[in-house]
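Shown next, in structure tokens, is the structure this report addresses.
Taken together, the values in this text are just the output of simple stated rules run on the coordinates, not laboratory data. None of the values given here were measured: they were computed from a predicted structure. Reconstructed Cβ throughout: ideal geometry from the backbone, glycine too, with neighbour counts over all protein chains shown.
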Amino acid sequence: MTKRSRRGGLASSDRLGGYGFVSPAVLLVAGLLYLPFLYTVYLGFTDYDGLYPASFVGLENFRRFLEDPALTTSVRNTLMWAVGATVIPVGLGLLIAVLSYGIRGGAIYRLPFMLPYALSGAGLAVIWGFILQSGGAANDVLGALGLPGATMRFLVEEPANTIAMIIALTWQQAGVNALLFLVGLQSIPKEPQEAARLDGATGWRLFRHVTWPLLAPLTTVVVGLSLVASLKTFDIVWVTTQGGPGRNSETLAVTMYRDAFVSAEYGYGAAVAFALSLVTGAVSFMYLRRQMSASKEGIV
Amino acid sequence: MRLLTAVVATAALALTACGGGDPAKSEGKTQIKLYNDKGAWSPYFKDIGALSKQQIGLEMEPVGYTDAPTYDAFIKASFRTSVKPDLFTWHTGGQLEEIVKAGQVADTSSLWNEAIGKGYLPESLKPYYTYDGKQYCVPLNIAYWVMFYNKKVFDDAGLQPPKTWADMMTAAAALKAKGVTPFYATSQLFNFVWFQQLLIGEDPQLYNDLATGKAKFTDPGVVKVMQQWKSLIDMGYMSDPGDKTDPQELLKSGKVAMAPFGTWFNTSMTQVGMKPGTDYGMFTIPNVNPANTKTTLLFESGPLCILDKAPDKAASMKFAQWWLEPAAQEKWATSRGDVSANPKVTIPDPSLNEINKAAGSSDVALSSRFFELVPAPILTAALDAFGAFSVKPGDYQKQLATLQKAADDYWAKAGK
């Protein structure tokens, strides 16, 4: 039986035992998450190049980062990803879920949208790289259909290359978002919808004023996840264009990898990683805070 | 998740870097590992490994990487950990100088002296491996930068390998008229090739001065080269840089007629089933400026290095010594279909032998490839600039200005 002290807490021997039980998990989290993060922050203030011991350079890496001519392109592309890769896959996912919910054979209609999710990020990039390359499948199809874009160099021109990769990601992500919204649709209470139907609401009006507000808590989560994932976009860009040509499709995460690993400037790369973490953290915090306070105020 | 992975990878690397300590000594090894960034060459490395076991009782097992940044990061991390390669491939130029200065690489002067004495290595190769009068590493391979061409496409257009730049432009016009793209170009890693070829063929002194900071990328001579490069793109002579098809496939299909590459590209051509001498050939690229008396042949050499604190330095040195001998080099050159650093080795491919012969003749001057010529930070900026230029050739002045800014930063830091 657990012993309790006079103040209601655990007796010291039990407390010690408790620490024993939680310590493996705490050590694992500290060792694999907190320590690497703190070490990366520390490296961001040094000139570590992998060859010589790191020496402290103060804010030099951050100054250099802000003066880097490629920063503007990188930030612009990251913003395009943050907006495009959030709005389009989430919107499309919602549309698929709503249109296929409650109809006969809905699962069959949804299946083609779900399958691409089985692909890894790198696999997706390789496949779409072949489709989108100059003279590739996309150009061939557009040419055969007599549509504009048959000679478009999708992966070369900016910002077409970023837009093309956002479309590729949408192809993969829309299905899983649809799945999440479907779970939401199944879990929302039936009564308000039935009441609205009795009052004569159907179609768009029913969705806009009843279903959509009931889905809001789930939408907050789906949009939040997509937003954070898109701010960190790396794999699809690195595999498809390596951030090029001439750095024109680079995102902040690609800039970080490139500076740290390709140029072997680990200190500078760590500073970019730290800056990116701050941006991602701040955006996520602001978004969630706004959404949560909106929920508490009973807007939805 | 992606960021997290990257951060954890960075930190893991850093944490392993903290590990330090002396390497585990294991004297008298009978098996050594050769780490390399040439994963596609694994079968050829394995052939060599089997031969070394047979001849010197030392089996070599290759550990091949295909991603250059990952490989370079691993090698640099190994300097500070106990996981050290017995042998590893690296890069000449600034990158070799960097790790030599850091005291990581074993002195191989004795191997060089012996090999030059026996005629296994040419004296001319020595400067590329010399720092402060001592030699480091031995040549893994050498390659000359030549033009590969599809013989059938040339025959159909009634063309012969050109002897002058004007001939090459005439051939390009004829090919273009037949609907064939004359030259291969890319916006990625090898985007520097046309720059180096046009500049060295026009003004070798300016080319070499860029490497030492004596000349600027904004100098009129460099601007002229960019304008010439732009005109080749504008005339439709270059393949689309956004095409991800491998150059060997483009040459094989006949969509593209010529591709400038190092002689190591021979391996890629034979791997797609092209027969040397029948399906394709190669020629030395003529000078742009006919007034230049010698044809400049661009040249690269990849080093095979030994760490100063290698797990069993004696075994690694023994392998490197054997590596330079004709038996090893014959196997290496023949299986890959490339030239050898050992002048005593001849290879069956007549085109390659011709290039090898030309390289040694008095009509030809050798010059280092741009990739190894300029310091690493300038190279990185140059690859970015040329990549951007290949997409928007009209922006050449902006790209040259950005590149010069990176060069100025580097030289300012180096001069401190």
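Structure notes:
- Where trypsin sites (Lys or Arg not before Pro) fall in DSSP loop in the range B:249-356, at most 14 other Cβ within 10 Å: B:LYS294, B:LYS344
- Relative contact order [Cα under 8 Å, 6+ residues apart], chain A, whole percent: 27 percent
- Lysines with Cα under 20 Å of A:LYS190, excluding same-chain neighbours fewer than 8 positions away: none
- For the protein assembly as shown, the antiparallel share of DSSP beta bridges with both residues in that region comes to about 60%.
- B:ALA257 long-range amide H proximity, modeled H, under 5 Å: B:THR181, B:PHE183
- Over chain B, relative contact order from alpha-carbon pairs under 8 Å, at least 6 apart, %: 24 percent
- For B:LEU140, the residues 5 or more places off, or on other chains, whose built amide H falls under 5 Å of its own are B:GLY302, B:LEU304.
- Nearby lysines by direct alpha-carbon distance to B:LYS216 (threshold 21 angstrom, same-chain neighbours under 8 apart not counted): B:LYS224, B:LYS230, B:LYS398, B:LYS405, B:LYS413, B:LYS416
- ³J(HN,Hα), Karplus 6.51/-1.76/1.60, whole Hz, each residue of the range A:140-155, x for Gly, Pro: 4, 5, 4, x, 5, 8, x, 8, x, x, 5, 10, 5, 9, 4, 8
- Charge dipole (Cα centre; +1 on Lys/Arg Cβ, -1 on Asp/Glu Cβ; no other charges) of chain B amounts to roughly 260 debye.
- Cβ-based exposure ranking for A:VAL83, A:VAL223, in which fewest neighbours within 10 Å come first: A:VAL83, A:VAL223
- The GNM of chain B, with springs linking C-alpha atoms under 10 angstrom apart, assigns the highest mean-square fluctuation among B:MET235, B:MET147, B:MET274 to B:MET235.
- Sum of side-chain charges, B:GLU114 neighbourhood, beta-carbon under 15 Å (Lys, Arg +1; Asp, Glu -1): +2
- The spacing between the range B:354-402 and the range B:70-88, judged by their C-alpha centroids, is 29 Å.
- Centroid-to-centroid separation of the range B:148-180 and the range A:25-52 [C-alpha atoms, Å]: 57 Å
- The range A:207-212 - phi-based ³J(HN,Hα) in whole Hz, Karplus 6.51/-1.76/1.60, Gly and Pro as x: 5, 5, 9, 10, 5, 4
- Amide H contacts under 5 Å for B:GLU59, placed H, 5+ residues apart: B:GLN31, B:ILE32
- Value at 222 nm in deg cm²/dmol, rounded to 500, when DSSP H runs of n ≥ 4 in the protein assembly as shown each add -39,500 (n - 2.57): -17500 deg cm²/dmol
- Compactness ratio for the protein assembly as shown: Cα radius of gyration over 2.2 N^0.38 Å (N = residue count) comes to 1.11.
- Across the range B:288-300, computed HN-Hα scalar couplings (Karplus, 6.51 cos²θ - 1.76 cosθ + 1.60, θ = phi - 60°) run 5, 8, x, 6, 5, 6, 9, 7, 8, 9, 6, 9, 9 Hz from first to last residue, x flagging Gly and Pro.
- 14 Å beta-carbon shell around B:GLY158, net charge (K/R +1, D/E -1): 0
- Placing +1 on the Cβ of every Lys and Arg and -1 on the Cβ of every Asp and Glu, with no other charges, gives the range B:97-255 a dipole of roughly 320 debye about its Cα centre.
- Cα gyration tensor category, rounded, prolate or oblate, for the range B:93-150 with a/c compared to 1.5: oblate
- Seen through its C-alpha gyration tensor, with square-root eigenvalues sorted a ≥ b ≥ c, chain A comes out oblate because a/c lies at 1.5 or above while a/b is not bigger than b/c.
- Computed magnitude of the charge dipole of chain A (debye, nearest 20; Cβ of K, R +1, Cβ of D, E -1): 1360 debye
- Pairs beyond 21 Å (Cα-Cα), from B:LYS152/B:LYS275; B:LYS38/B:LYS84; B:LYS134/B:LYS294; B:LYS118/B:LYS331: B:LYS134/B:LYS294
- In terms of its alpha-carbon gyration tensor, the range A:136-214 comes out prolate; a/c meets the 1.5 threshold, and the first ratio a/b outweighs b/c.
- Loop exposure criterion: trypsin sites (Lys or Arg not before Pro), DSSP state outside H, G, I, E and B, at most 16 other Cβ atoms within 10 Å. Applied to chain A, the longest stretch between such sites is A:105-300.
- Charge sum, other residues only, whose C-beta stays under 12 Å from A:GLU250's C-beta, Lys/Arg counted +1 and Asp/Glu -1: -1
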